[in-house]
Amino acid sequence: AQSVSQHNHHVILSEAASLELGCNYSYGGTVNLFWYVQYPGQHLQLLLKYFSGDPLVKGIKGFEAEFIKSKFSFNLRKPSVQWSDTAEYFCAVMPATGRRALTFGSGTRLQVQP
Amino acid sequence: NAGVTQTPKFQVLKTGQSMTLQCAQDMNHEYMSWYRQDPGMGLRLIHYSVGAGITDQGEVPNGYNVSRSTTEDFPLRLLSAAPSQTSVYFCAASKTSGPYEQYFGPGTRLTVT
């Protein structure tokens, strides 16, 4: 079975600071990778996804993530955060074949101070 | 196009009561699933369905029951509520081929006292 680790549980940044949230997964086969965001009081929204091809993927709102297969990592980055980025961020993995079920990390709560 | 809808938004139950959380989607997606979200644990899969008449267990199925009689609806039943089932429940839908993005509903916050 797959598992996902998000090592940063709570991150506090000032506006305009750069962001990098770590995500590592464990699975023996090919995976699809996702980052979801949950703004306060809202449901999960997809930020970006990786299925194949260019390991650097760009998502909405200026976010990007890089898949490094050798490190089993899919870190999320943003060069300059805004107060509106305050939210909880979840990394998730899905096997490329078989059951289409997402396994989520425990989440990282990002607080951006104005 | 409403996407994925869930009712109710909030619910309080007493231990031992039963209830059904409703989930509906209008995207004609084959795959539907239920997750629960607990602090510090992310989302965990309860049950899922790959189409009408087909359901299977996820990571934390105990105490929950599902059925899928139509493509649109995927209700989650709590048979005998327990305080450990206090959580936020999310329903999701996706295609089973092509892009596998899962679309989530707004969630149901359940408290069991």
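What follows draws every value from the coordinates through simple rules; no lab data is involved. Keep in mind it's a predicted model, so treat the numbers as computed, not measured. All Cβ positions, glycine included, derive from the backbone under ideal geometry; neighbour counts span all protein chains shown.
Figures for the structure shown
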quantity	calculated
Strands (runs of 3 or more DSSP E) contained in segment A:1-113 and holding at least 1 residues closer than 21 Å to B:G58 by Cα and in contact (Cβ under 8 Å) with a residue 40 or more places away in the chain	A:3-5, A:24-26, A:31-38, A:87-95
Selected residue (only one of A:V57, A:V31 is of a type outside the set (K, R) and in contact with a Pro (Cβ under 7 Å, 6 or more places away or on another chain))	A:V31
Segment A:25-50 - residue that is more than 16 Å from the chain's Cα centre (by Cα) and polar (S, T, N, Q) and, of those, farthest from the other protein chains (Cβ to nearest Cβ)	A:T30
